[in-house]
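Notes follow the structure.
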Amino acid sequence: MIMNLINLTIGSKIFVVHNSYVNKKREGGIVNQARIVCFVNRKGFIEPEFRMIGQKGPNLSLSNYAAFDNIQDAINAIRS
């Protein structure tokens, strides 16, 4: 999981998985590619907001998705 925000910039590619598949190890989890579009201060913590590559719509945040900086960690997160 992404713990260090120092290396991230706007436009960085990350891999995201919905939290319900990471925490509960449910079947059907999907690893999506996303790009960071901005950083937001939420209750004193700086968090990236991102958008799925190839999709329009609202920015997504870490409240619903687990973010990873490499694909292998994201794949391991959805293994049941």
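Here, each number is a calculation from the coordinates, and none is a lab measurement. Since this is a predicted model, take the numbers as computed values, not measurements. We place every Cβ from the backbone using ideal geometry, glycine too, and count neighbours over all the protein chains shown.
Shown here: mean projected area of the Cα convex hull in nm², derived from the displayed model; of the candidates (i) 8.3; (ii) 5.3; (iii) 5.0, it corresponds to (ii).
If you add up the charges near F15, with Lys and Arg at +1 and Asp and Glu at -1, over every other residue whose beta carbon is less than 15 angstrom from its beta carbon, what do you get? The answer is +2. A simple rule links phi to the HN-Hα coupling: the Karplus curve 6.51 cos²θ - 1.76 cosθ + 1.60 with θ = phi - 60°, which for the stretch 18-23 gives 4, 4, 5, 7, 7, 6 Hz, with x for Gly and Pro. Under 14 Å from the 7 Å Cα→Cβ point of N59, by amide nitrogen: which residues of the stretch 8-44? Residues passing the 14 Å test: 9-12, 35-43.
A cut-off of 5 Å between modelled amide H atoms, ignoring neighbours fewer than 5 places along the same chain, links E49 with V37, C38, F39, V40. Sorted fewest first by neighbouring Cβ atoms within 10 angstrom, F50, F15, F45 come out as F45, F15, F50. Computed from phi, the 3J(HN,Hα) profile of the stretch 41-46 under the Karplus parametrisation 6.51, -1.76, 1.60 (θ = phi - 60°) reads 8, 10, 6, x, 10, 8 Hz, with x in place of Gly and Pro. Shown in residue order for the stretch 8-16 are the 3J(HN,Hα) couplings computed by the Karplus curve 6.51 cos²θ - 1.76 cosθ + 1.60 at θ = phi - 60°: 8, 9, 5, x, 5, 8, 10, 10, 10 Hz (x for Gly and Pro).
The trypsin sites (Lys or Arg not before Pro) of the stretch 32-80 meeting both criteria, a DSSP state outside H, G, I, E and B (loop) and at most 14 other C-beta atoms within 10 angstrom of the site's C-beta, are K43, K56, R79. If you run the Gaussian network model on the chain, springs between alpha carbon atoms under 10 Å, then out of V40, V31, V17 the most flexible one is V40. Take the Cβ atoms of S12 and R79, set R0 to 41 Å, and the FRET efficiency comes out at 0.95.
I need the calculated FRET efficiency for the pair D69 and R26, taking r as the beta carbon distance and R₀ as 25 Å, to the nearest 0.05. Plugging the Cβ-Cβ distance into 1/(1 + (r/R0)^6) gives 0.60. Note: relative contact order over the chain, using C-alpha pairs below 8 Å and six or more positions apart, is 37 percent.
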